[in-house]
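K.L.:
Please find one structure pasted underneath; my questions will follow.
The values are calculated or read from the model by the stated rules, or taken from the named source; none is laboratory data. All values derive from a computational prediction rather than experimental measurement. Here the Cβ is made from the backbone with ideal geometry for all residues, glycine too, and neighbour counts use every protein chain on show.
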Amino acid sequence: MTDNATSGPGPHQQKRARAGFGYGFAAYGIWGLLPLYFVVLAPATAYEIVALRIVFSLVVCLLMLAVTHSVGRFIRLFRDGSAVLALTVAGVLIAGNWLLYTVATTTGHTLEASLGYFINPLVAILLGVLVLHEKLRPLQWTAIAVGALAVVIMAVFYGAVPWLSLGLAFTFGFYGLVKSRVGSRYPALITLTGETAMITPLALVAVALLGAQGQITLTSEGTGHFLLLLSSGVITAVPLLLFGAAAARLPLSTVGMLQYIAPIGQFILAVLVFHEEMPPERWVGFGLVWLAVVLLVLDAVRAPRAPRLPRR
């Protein structure tokens with residue numbers, strides 16, 4: 001009886017797990033609904049949205065550093081040359097990812113954004129093989145092959161390579177790879193602030209150029225539009241904080257499965273709200289990508305059990 005009583009998670013662990021699921025669903029739910037936010041920011045262009053998002057995100061991050069008394073540790077980050085270089089690269093990658101995502105969702109290509117984030121886990125696994133020389137299990141290889149077939153089918157039969165989807169998947173995949181090199185040395189808030197600070201000068205230059213061309217809508221479309229753009233920093237920071245809270249309470253494999261909430265939400269918005277076209281060829285491509293996702297989920301479920309099989 002003692003073994004049975006101690007083998008399962010206690011009330012405290014169960015409470016933490018329930019909270020973790022709540023935080024995870026909230027984080028990925030917000031990310032899944034972001035297309036609605038970007039659409040209501042019209043007539044702001046994708047370039048203005050991303051540039052202001054970077055600037056306001058830095059403001060929010062600095063305020064959070066002050067509240068958590070982490071300013072000193074953030075300043076010490078700049079003594080670590082390798083970390084500064086990595087975060088600069090990470091900042092450029094995530095800015096590119098944000099720009100592609102915003103362009104997709106503001107120009108009627110939310111389906112391609114959804115596809116990109118369904119493909120992203122496959123890209124992350126592929127980068128693990130090519131860059132980190134990781135060994136894959138059979139189901140992972142099968143998932144990558146099925147995902148590649150989906151891209152080929154869309155390129156050949158739908159008539160266009162899904163460049164936006166691939167761009168989103170690869171920029172975020174490389175971003176995760178770069179961040180993994182510094183994430184173990186510094187808290188998430190420190191690295192987020194660092195990468196945002198590195199690209200803020202570029203964002204300010206973009207704002208200046210857009211302003212010179214008369215393309216800044218921040219102060220020209222009324223109070224509501226101003227507040228919506230101003231809130232971009234909060235909308236960026238809040239799901240990241242929720243994600244961090246979920247990751248601290250749940251196994252990594254569970255968090256990995258929750259990530260599919262965001263592209264599912266984007267897909268539903270694209271089809272039911274934005275009424276984007278889904279011809280048969282695109283359904284086939286999405287179907288193959290979803291099959292690849294199912295294979296990855298099955299592999300993730302089976303993998304933790306593998307080491308315990310010899311004990312029987």
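K.L.:
Let me confirm something: among Gly32, Gly24, Gly20, which residue is touching a Gly at 6+ places or on another chain (Cβ under 7 Å) and crowded, with 16+ Cβ neighbours inside 10 Å? Walk me through it before giving the result.
P.N.:
On the way: Gly24 fails: touching a Gly at 6+ places or on another chain (Cβ under 7 Å); Gly20 fails: touching a Gly at 6+ places or on another chain (Cβ under 7 Å).
The conditions single out Gly32.
K.L.:
Please go through region 8-47 and pick out each residue that is under 18 Å from Ala247 (Cβ atoms) and among the hydroxyl-bearing types (Ser, Thr, Tyr).
P.N.:
Tyr23, Tyr28
K.L.:
Further, regarding this structure: Kindly establish whether Arg282 is in a helix (DSSP H, G or I) and either at pLDDT below 70 or under 23 Å from Leu139 (Cα atoms) (or both). Give the steps one after another, and end with the answer.
P.N.:
Details: in a helix (DSSP H, G or I): yes; either at pLDDT below 70 or under 23 Å from Leu139 (Cα atoms) (or both): no.
The answer is no for Arg282.
K.L.:
Also, I was wondering about something else. Collect the residues in region 234-245 that are at pLDDT 80 or above and either farther than 19 Å from Val60 by Cβ or of a type in the set (Gly, Ala, Ser) (or both), keeping them in residue-number order.
P.N.:
Selection gives Ala237 alone.
K.L.:
For region 127-174, how many residues meet the condition of being modelled with pLDDT of 80 or more, of a type in the set (Phe, Trp, Tyr) and closer than 22 Å to Arg282 by Cβ?
P.N.:
3
K.L.:
Output yes when any residue across region 56-67 is under 20 Å from Pro187 (Cα atoms), small (Gly, Ala, Ser) and not in a loop (DSSP other than H, G, I, E, B), and no when none is. I'd like the intermediate steps shown before the answer.
P.N.:
Looking only at region 56-67, we keep the residues that are under 20 Å from Pro187 (Cα atoms), and these are 57-67.
Then keep just the ones that are small (Gly, Ala, Ser); that gives 57, 66.
Restricting the remaining residues to those that are not in a loop (DSSP other than H, G, I, E, B) gives 57, 66.
Yes; the residues of region 56-67 include at least one that is under 20 Å from Pro187 (Cα atoms), small (Gly, Ala, Ser) and not in a loop (DSSP other than H, G, I, E, B).
K.L.:
Could you check, for region 258-268, whether at least one of its residues is in a loop (DSSP other than H, G, I, E, B) and at pLDDT 75 or above? Steps first, please.
P.N.:
First, the residues of region 258-268 that are in a loop (DSSP other than H, G, I, E, B): 259-260.
Imposing the further condition that a residue be at pLDDT 75 or above reduces the set to 259-260.
The answer is yes, given that some residue of region 258-268 is in a loop (DSSP other than H, G, I, E, B) and at pLDDT 75 or above.
Here is a yes/no grid of residues against (1) of a type outside the set (Val, Ile, Thr); (2) surrounded by fewer than 22 Cβ atoms within 10 Å (Cβ to Cβ):
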{"site": "Asp80", "(1), (2)": "yes, yes"}
{"site": "Leu85", "(1), (2)": "yes, yes"}
{"site": "Ala90", "(1), (2)": "yes, no"}
{"site": "Ile94", "(1), (2)": "no, no"}
{"site": "Thr102", "(1), (2)": "no, no"}
{"site": "Thr107", "(1), (2)": "no, yes"}
{"site": "Ala113", "(1), (2)": "yes, no"}
